[in-house]
Structure formats: C-alpha cells, structure tokens
Amino acid sequence: MTTAAFAEETEARLAHARQVADAVLFEGYVLYPYRASAAKNRLRWQFGVLVPPAWAARGDEYEFQHTECLMEPRPGARLAVQLRFLRARRRTVQRAAGGGRYETVPELALPDRVLTTWDEGVEERVDVTVPVGELTRGGVEVPVARPAEEETETVRAEDGTEAGRLLRRREAVSARLRLTAEELPGPYRVLRLTALVENTSGWSPHSAEARDAALPHSLIAAHLLLHLDRGAFLSMTDPPWWAGAAVAACRNLHTWPVLAGEPGRADLVLSSPIILDDHPAIAPESPGALYDATEIDEILALRTAALTDQEKREARGTDARAAAVIDLADSLPPEVLDRLHGAVRTLGPAPGAPQAAEDPFAPPGTARPDTPWWDPASDAGVDPATDEVLVGDRPVRAGDRVVLRPGRRRTDAQDLFVHGRTALVEAVVHDVDGGVHLAVTVDGDPGADIRREQGRYLYFQPDEVAHPAQEDA
C-alpha cells in the first residue's frame, strides 16, 4: 500500500473513533449554564491535563501519560499515532478608549452577547506514522513544539463603530511523544506497545501563582488514537485467556486504552484519560455536544432552552461552543426532544451474540430457561391483566377501583396527597421476592393517560388500599 493510500485509510478509520475522542477532548469544556460567571466554570480543565514539570513537582497533577497495550501485527505492518490535546488561549476583553487606545475591562456588553475574559480551547494534533519493525529497534521520539502567539479581533457596535477588541494569547508549549515496542515470549507473536506523552516545558511558576498560570503551558485533555493497518490490538478489558498475564503486566498511568471504532474490528485504540469500555459510542439520540456527560441530554437541553434572554447573551459571549449549545437548545424540534426521553436498546442477547455457555454448577440434565428470570414471559402462570389479590376479604383485579390508604408505611411524601383518593387498578404485579403490588392511576389525575401510555404507575401493596364497599360499610 502506498503512503498516500495508507494515509487515506488511516483517516477513514480514525473518523470512526473521532466522535468519541471529541467527547473526551471537550468533556467539561464549558458547563451548564454555559456562562463564564457560573461557579462551576471558574475551575477549568479536569481531564488529561499534562502540566509543566515544575508545576507537577508540587504533587497535584502530572506531566506525563504512559500507555501500554498489546498488538498482533502482521509482517510489514505500520502504526499510525495521533496525539490530540487542547491549548488554552487566554482571551482578554478591551474597550475602545479613543485615539487608538484600549482599556482592559471585565466585560463588554453588546446587543446579542456579553463578552468576558475567558480561556478558549484550541485543538492541536500531532500525527506520526512508523513501521512496527522500527518500534522494536529502539523506537521513535517525536518532539512537539508550539510557539507563543498573539492575535486581536475587532469588536464593533450595532452602528459599525469600533466598540473594543478581543486580545487572545497562547503561550509556548513543548512536549515529547515516545513510541517503543517489545516482543513478548510465548507461542504467539505479540508485541507490547508503549506510548509516552510528556510535557517538557521549562516554564516555572512564581511561589504565589495559582493553577491558572500553568494551564496555558499545559496539554489539556490529552489522548492518543492508534491505528494498525495490518494486524489487531488485544482488548485490555477482555483479553483472550492466553494473554491475561501479559495484559496484567501492562502499565497504564493517567490513561486507559480501549478498542475503538465499530464492534467486530480491533485495528483502532483510543487511550483516554477517562476510563471507557471497548468500542465506546455516542448515543444516536444525542442531538449534539453539550460538553457535560454527567447530565442527561433531555434535562440539560430543556434547562438550557429555559435560560433567560440575559443569561443566553452571557453564554453566547462566553465561548463560540457555548453559543452553539444555546442555539441548539433553542432550535430542537419536539420529535428530537421526544427521542431524548429514553431508549431501550434490548432486553435480550444482541443479534449475532454467542449463546451463553451451560451453567457448570447446574445439576446434570438441568434445562436452561428460554427466558431470563427477570423477564415476565419466564412465568406463564403470571398475568398482570387477569391476576387477582385479596383486599380485605374481597378479590381485586385490573379494572376494579380501590381507595388509597397508605398511612401504615407512608414511605413517600406523595402518599400524603393521595391518601383517601380512589384509584383505578391497572395491573396486579408480582416482584421477584414473591410480593404482590397493585399498579394504579389516581382518579382525577390529568396525567393518567400519559402514565397509562408509558406504563408509569403508582404502586401500593394490598394492605395499603381498601375496597370501596368496605369503606361504605
């Protein structure tokens, strides 16, 4: 394969992993409510920050990432490595003072946004391609150097006059990427690949300087993408049995490598500062990047859309990516929001998945059930639509009405509001411990139809309800 063809194939393969890698790169970049003034946005950059050695000496953060994983290359294989990280670009807001002069201000209010001081993240990428054989003969070392840069952007008022400017500055960043490989003893040709990323900046802090001073000299959200054109990587989380000891001997510090790309292939690895499973993927329901994976997309989108106009102006002035989130939340159609309400991928084995092995502890001749114990179909003798349960001395089933009397337990504050109300029994259900519960909708509840459609009922035990005839008596 020619060099150009290899580069084209590598780019196509890395594209499969880049969506997840982008989520790693920008995780926590700017958090709801997406304003620089928000307390949670004042402590920036939490994942994969490789600080200068002088700052790492203080003991709080590290200047390196060390990745080790196993691969089975075929003869003539080449390895493509992509180091990705963010550089902090410090943005200062200045107001025009006349005569070509400017004064630094905390913020500059415009009709559509409020500009403030902020650290923007600029993506950096280092690409390396090397024959695997060269890695076993001493390896390669790639220096990374990014010079200091400064630029300005004029800010104009509605009438076109100059209102001020944005002064952006990036500090110099230097690092080193070192790649080596070692063939392991055994019946199979397996190599242990080592990738070391180090911040080599000579910057040194003054005694009183805080973490913010070190960030412009750091590699932020640093991670690696690896592509092997001929051969495969071994899973570090689920290796074959014969590679278990070799995997356990690998050292991964401040990062963790997983198989990336689509399931069924093993030519891609993502070494991430956030621990992931093999073949991680973005949920297809996700409408776009919200930069906060600890939140549920539906809640986050709705809360963002509900921000006041002034809050949205501040968010739009904080960062271009924050502005994009505001625009996304304001433009989501109802069908997309409905799709965010939740999804069930499967309740059984995925198509094509191998059949589970026989239980080695089951007595000989024991038949394996066709359905798991938690599936209602596993017990044909149970039917929520027709089953009955005694309430007092009267049988109750789906379609009957009961009076709610949850006072004995009162385990939920909501019980205070439904006590004494009548309710329609929707189903009689059994739990795995043998308990029986009545699934009900409360009479007069305007959301009863929605609860019924979604199967989201209120549940009470038989001794927490009464039969209407008993109440009359």
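The values are calculated or read from the model by the stated rules, or taken from the named source; none is laboratory data. From a predicted model like this one, the values you see are computed outputs, not experimental measurements. Cβ: placed from backbone, ideal geometry, glycine included. Neighbour counts: every protein chain shown. For accessibility, only protein heavy atoms count, side chains too; no ligands or nucleic acids. Shrake-Rupley method; radii C 1.70, N 1.55, O 1.52, S 1.80 Å.
Roughly what would the spin-label model give for Ala305 and Trp241, points 7 Å off Cα along C-beta, in nm?
Once both label points are built, they end up 5.3 nm from each other.
Ignoring ligands, DNA and RNA, what percent of the 1.4 Å accessible area of the chain is carbon and sulfur?
52
Rounded, prolate or oblate: which fits the range 154-233 when a ≥ b ≥ c are the square roots of the eigenvalues of the alpha-carbon gyration tensor, with rounded for a/c under 1.5 and prolate only if a/b beats b/c?
oblate
Where the centre of each part is set by its Cα atoms, how far does the range 134-192 sit from the range 300-325, in angstrom?
Computed from Cα coordinates, the inter-centre distance equals 29 Å.
Only Cα pairs under 8 Å and at least 6 apart count here; give the relative contact order of the range 136-285 as a rounded whole percent.
Values: 227 pairs, mean separation 24.6, N = 150.
After rounding, I find 16 percent.
Dipole magnitude of the range 197-302 about its Cα centre, charges +1 at Lys/Arg Cβ and -1 at Asp/Glu Cβ only, in debye to the nearest 20?
It comes to approximately 540 debye.
So what are the ³J(HN,Hα) numbers for the range 271-277, from phi and the Karplus equation (6.51, -1.76, 1.60; θ = phi - 60°), rounded to whole Hz, Gly and Pro as x?
9, 10, x, 9, 6, 10, 7
Work out, step by step, the length gained on full extension between Asp212 and Ala97: first 0.36 nm times the residue separation, then minus their alpha carbon distance; give nm to one decimal.
On the way: separation 115, 0.36 × 115 = 41.40 nm, distance 2.85 nm.
Between Asp212 and Ala97, full extension yields an extra 38.6 nm.
As a test of reading the structure, rank Lys312, Lys40 by solvent-accessible area (1.4 Å probe, protein chains only), most first.
Lys40, Lys312
Mind putting a number on the dipole of the chain about its Cα centre? Charges go on the C-beta only, +1 for Lys and Arg and -1 for Asp and Glu, and I need it in Debye to the nearest 20. Don't skip to the end; give the middle numbers.
Details: 52 positive and 75 negative charges, 375 e Å.
I would put it at about 1800 debye.
Can you figure out the FRET efficiency of Val142 with Ala324, using R₀ = 25 Å and their beta-carbon distance, to the nearest 0.05? Intermediate results must be reported in sequence, preceding the final value.
Details: r = 33 Å, r/R0 = 1.31.
Efficiency, rounded to the nearest 0.05: 0.15.
Mean residue ellipticity at 222 nm from the helices of the chain, using -39,500 (n - 2.57) per DSSP H segment of n ≥ 4 over the full residue count, to the nearest 500 deg cm²/dmol?
-5500 deg cm²/dmol
Kindly state, to the nearest 0.05, the FRET efficiency for Arg421 paired with Arg394, given R0 = 22 Å and r defined as their beta-carbon distance.
It comes out at approximately 0.70.
How many nm separate the modelled label positions at Thr200 and Arg230, each set 7 Å beyond the Cα in the direction of the Cβ?
In this crude label model, Thr200 to Arg230 measures out at 3.2 nm.
Among Pro187, Leu14, His66, whose Cα projects farthest towards the positive end of the dipole of the chain, with charges put on the beta-carbon of Lys, Arg (+1) and Asp, Glu (-1)?
His66
Please work out how much length the chain gains when fully extended from Leu337 to Asp431, using 0.36 nm per residue of separation minus the C-alpha to C-alpha distance, in nm with one decimal. Please report the intermediate quantities before stating the final value.
Values: separation 94, 0.36 × 94 = 33.84 nm, distance 3.23 nm.
Full-extension gain reported as 30.6 nm.
Note the full-extension length gain between Glu153 and Val382 as 0.36 nm times their separation in residues minus their Cα-Cα distance, in nm to one decimal. Walk me through the numbers before you get to the answer.
Values: separation 229, 0.36 × 229 = 82.44 nm, distance 7.01 nm.
Length gained between Glu153 and Val382: 75.4 nm.
Can you bin the range 43-96 into rounded, prolate or oblate? Criterion: square roots of the alpha carbon gyration tensor eigenvalues sorted a ≥ b ≥ c, rounded for a/c under 1.5, prolate for a/b above b/c, oblate for the rest.
oblate
Checking the a/c ratio against 1.5 first, then a/b against b/c, what shape does the Cα gyration tensor give for the chain?
Judged from the Cα gyration tensor, the chain comes out oblate (a/c at least 1.5, b/c at or above a/b).
Tell me, what is the 1.4 Å probe accessible area of Val429, in Å² to the nearest 10?
The accessible area comes out at roughly 40 Å².
Put +1 on the Cβ of every Lys and Arg and -1 on every Asp and Glu Cβ in the chain; which of Gly99, Asn199, Pro52 then has its Cα farthest towards the positive end of the dipole?
The one lying farthest along the dipole's positive direction is Gly99.
Using Cα pairs closer than 8 Å and at least 6 residues apart in sequence, work out the relative contact order for the chain, in percent.
Contact order relative to length: 16 percent.
If R0 is 41 Å, what FRET efficiency do you get for Asp127 and Ile296 from their C-beta distance, rounded to 0.05?
So, using R0 = 41 Å, E works out to roughly 0.70.
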